[in-house]
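A short reminder: the numbers here are calculations on the coordinates, not readings from a lab. Fair warning: this is a prediction, and the values are worked out from it, not measured in the lab. Cβ placement follows ideal geometry from the backbone for every residue including glycine, while neighbour counts extend to all protein chains displayed.
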Amino acid sequence: MSAYCVIYGFLNNHELVREFQPATPLPQTSFQFRKCDAKRYDRVSRASIATMSEATKGSQGNSSGTSKGSSSLITKPANLECKDLEEYLKSRPPEVLEKLYNYPAICLAVYRELPEIARQFVIRILFVEQPIPQAVVSSWATQVCAKENTSVSQVLTELGVWRSAAYPGGLAAWELCPTFKKNLKIALLGGGRPWSMSNALDPDQKSRDIEFLDTYAMSRWRCVLHYMVGAGSSKGMEGEGISPDAVRILLHANLMKRDETDGSPVITRQGFQFLLLDTQAQVWHFMLQYLDTCEARGLSLPECLSMLFQLSFSTLGRDYSSEGLSPGLLTFLQHLREFGLVYQRKRKEGRFYPTRLAHNITSKNASHATTLAQDQESNATKDKGYIIVETNYRVYAYTDSNLQVALLGLFTELLYRFPNLVVGVLTRDSVRQAFRGGITAEQIISYLEQHAHPTMLTVEQAINSKSSLPPTVVDQIKLWENERNRFTYTEGVVYNQFLSQADFITLRDYAQSIGVMIWQNERIRTMVVTKNGHDDVKKFWKRYSKGGS
């Protein structure tokens, strides 16, 4: 009997089965089960589905023979994973966290980004020299907050901020990590070694104000974004080029990749999603990718991360000394200068100015960092929003920025361009082209809402709408996305080749009773259960087979 691979999906609520006949025969068995793995399939774009291969082996018997197949690995479209500080530190090994917590600036940044209840717990036991029973810590929060208490305890444990310890009498207790405890005290109370950029400086004769620093920061950062969208090759809007180091980071982060034909960098699916993030999220994700390459550059990850957090605690508009920095940190400072996180007139000058990009890089409450690019892009009006979307799907963007025009071109069909106005239209083809690039409907809607003109906000607020966009436009964008998602695939295990109808009905009824059934067809004696429920169904069948033999 020949084996076949089955992909199960649902198209407009109608069951669909696709069968692929391989040439490899299988031995006769009472039934066989194989894992199936599939991905979403776009019929319009004809995206390919890899045929699933399996290596089967079985044994012959009366009614208990099985044929197992290895699950095929079908590559799913990768999405951009934006980690915040907490998620980034959780992904680090414990020994790396121990090294990071040797720096007071890192400990202070971690403490600042902890949930509010977690900060309360840490500060209450910071000066206690013995472990605190876990029951006592739990009593600090009411029963209403029991779930939050458990979640906070897990976060502090995963971050290595505290750890379980023994308490006299055998009670479970918590104690702060000694390294974190020591350096957090230094950060809060003073003492320890001075921060690397704390040397005294003479007054700067050519000091820079905050407005200049904001303009400089966004000018440098736009060079990176311009390079990604190809709006000026390797030159920014001011004609400044992107550094080879930044290109390497874009390639390392898979925001861009080498074209197979000419080897030139081209934007990827993750790169499209990256462009629609707010500025703060973009810079933080970019710097995380940079930190991943620190060891390859011969730089120390703890030193670089500590300096990055020192910049986030700095005073905007004030200059700082670079005299006490190590050679590795001086190299890191020049890279930050290229990305727009610091301003320095000359490489050998002993002072630099942190910009707003570095100042708000990790703060969850730095909402004004999102509007930095908007404030800098609007030339005359200084308004936050510049996009008007009409019910006929026309999009009017009051901007002369090449970058913003290129971003709109990702999901709109541009019609006209004037000195300070761009006109486009949201079409099915333009939006689906964005979907194929990895952009989602929610990202498009969020971008248009985020940059909506104040006039649109006023009109929609008057009718208490949840969105600043016309409802017809929002619904249509979501419908265009749903067209691509008509197939819903579920990873599961196929059971077939039952020797009797009674065996099939018994196993089917059991799978339905425990809620793991995905699909079944009594006529062909075939059923599919979820991957997680496979073990339970398999164990039941073995018990049933032994009892019936």
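A simple spin-label model places pseudo-atoms 7 Å from Cα toward Cβ; at SER151 and ARG486 they are separated by 3.9 nm. Using the Cα coordinates of region 138-287, the gyration tensor eigenvalues translate into equivalent-ellipsoid semi-axes of 44, 26, 15 Å, sorted from longest to shortest.
The simple Förster model, with R0 at 41 Å and r as the Cβ-Cβ distance, assigns GLU95 and PHE212 a FRET efficiency of 0.45. Whole-Hz Karplus values for region 490-505 come out as 10, 6, x, 10, 8, 10, 7, 6, 6, 7, 9, 5, 5, 4, 4, 4 Hz, taken residue by residue from phi with 6.51 cos²θ - 1.76 cosθ + 1.60 and θ = phi - 60°; glycine and proline positions read x. Across region 253-259, computed HN-Hα scalar couplings (Karplus, 6.51 cos²θ - 1.76 cosθ + 1.60, θ = phi - 60°) run 7, 6, 6, 9, 9, 6, 5 Hz from first to last residue, x flagging Gly and Pro.
FRET efficiency for the pair LYS182 and LEU301, taken as 1/(1 + (r/R0)^6) with r the Cβ-Cβ distance and R0 = 22 Å, rounds to 0.65.
Whole Å is fine, so just give me how far the alpha carbon centre of region 335-356 lies from that of region 520-543. Here the two parts' Cα centres lie 63 Å apart. In order along region 285-300, the phi-based Karplus estimate (6.51 cos²θ - 1.76 cosθ + 1.60, θ = phi - 60°) of 3J(HN,Hα) comes to 5, 4, 5, 4, 5, 5, 5, 5, 9, 4, 4, 5, 8, x, 9, 8 Hz; Gly and Pro are listed as x. Taken along the Cα-to-beta-carbon direction at a fixed 7 Å, the label points for TYR416 and ILE123 span 5.8 nm. With a cut-off of 12 Å between beta carbons, the residues surrounding LEU251 carry a summed charge of +1, where Lys and Arg count +1 and Asp and Glu -1.
Its relative contact order, with pairs defined as Cα atoms under 8 Å and 6+ residues apart, puts region 492-548 at 40 percent. Simple point charges give the picture: +1 on the Cβ of Lys and Arg, -1 on the Cβ of Asp and Glu, and for region 492-548 a dipole about the Cα centre of about 160 debye. Here the alpha carbons of region 492-548 define both size measures, Rg and Dmax, at 10.2, 27 Å. Between GLN433 and ASN532, residue separation times 0.36 nm minus the direct Cα-Cα distance comes to 32.1 nm. Between ALA135 and GLU522, full extension at 0.36 nm per residue minus the direct alpha carbon distance yields a gain of 133.8 nm.
Here the extension length gained between GLU158 and ASP475 equals 110.0 nm, from 0.36 nm per residue of separation less the Cα-Cα distance. Using only the C-alpha atoms, the convex hull of region 387-485 corresponds to 89 Å³ per residue. Computed over the Cα atoms of region 85-189, the ratio of the radius of gyration to the Kirkwood radius (Rg/Rh) comes to 0.95. Our Cα-only numbers for region 210-365 put the radius of gyration and Dmax at 15.3, 48 Å. Taking Cα centre as origin and charging only the Cβ of basic (Lys, Arg, +1) and acidic (Asp, Glu, -1) residues, the dipole magnitude of region 85-189 rounds to 200 debye. Each Cα pair under 8 Å and six or more residues apart adds its separation to the average, and for region 387-485 the resulting relative contact order is 27 percent. Averaging the Cα positions of each part gives two centres, and for region 256-334 and region 116-186 these lie 33 Å apart. Among the GluC sites (Glu not before Pro) in region 94-176, those located in a DSSP loop and surrounded by at most 13 other Cβ atoms within 10 Å of their own Cβ are GLU129.
For GluC sites (Glu not before Pro), the sites in region 241-305 that DSSP calls loop and that have at most 14 other Cβ atoms within 10 Å are GLU260. Ranked by the mean number of other Cβ atoms within 10 Å of their residues, highest first, the peptides 281-289, 137-145 come out as 281-289, 137-145.
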